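Have a look at the structure below, then the notes.
Where a number appears in this text, it was derived from the coordinates with a stated rule and is not lab data. Just so it is clear, the model here is predicted, and its values are computed rather than measured.
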Amino acid sequence: MQFEFIAGNLALDFANTVHDYGASVSEDDLKSGSELVRWARQAGLLSERESQELYRQAGANLGPAATGFQRSLRLRRLVYEVFSDLSHGGRPRPGALAALNSYFKQAMAAVSIQRVRDRYELGWEENAFGLDRVLWAVTRSAMDLLTSERLGRIRQCAGDTCTWLFLDTSRNGMRRWCDMEACGNRAKVRRFRQRVKTEARHARPRLERGDARRRARET
Ligand SMILES: [Zn+2]
């Protein structure tokens, strides 16, 4: 499966693996730990070698009930809640921020400063492997965004059933759709259909009046 990365931020893209939060049956791209590994590979969090290694090591622990996978789903829900609230100008509930902080602390415990050629970078400890690394990368991305200047640029798609979040990088900051081709055009088609329906409703009485006049002439 080809996952979609449209948000301009890793944590938001992770949240977007559910297309429609709040629906009775949500469209969810991640149904198991294996799918999460595939997502992480496509997101560039794992190299091909690392993802193969993970499949080999984790094996049976990549099913839908795997602890690491379930923890990832909780983090995903949390990221969605926090950034959805922020995108509407609200504040995340205190419990959500506390939960995000606990993910963050776990992630930081696995990070160290490493020398890469002639500079220093934050990198994962050697033993930090498995689904947790994916979890931590998402957590760090969420924290980076939360503490950045781009906070006011978080948006939620205006589509009726779409709950995707994204960073609005447009110059005027007026982007409304996750994707104009998908949600923007769907909304346009819907507005057009509605207009046609409304016009038809308004047109009907005139038609009926005409018919009545015609019938009156005919009798
Ligand atoms: Zn959308």
Subject >> Mean residue ellipticity (222 nm) of the chain, computed from DSSP H runs ≥ 4 via -39,500 (n - 2.57), nearest 500 >> reply: -17500 deg cm²/dmol
**OP:** Any chance you could check the Cα centroid distance between region 1-77 and region 143-200 for me, in angstrom?
**Re:** 24 Å
Subject >> Cα-Cα P(r), region 1-89, percent of pairs per 5 Å interval >> reply: 3, 14, 22, 26, 19, 10, 5, 2, 0
Original post:
Can you give the Kirkwood hydrodynamic radius for the chain, in Å, rounded to one decimal and based on Cα pairs?
Top reply: 20.2 Å
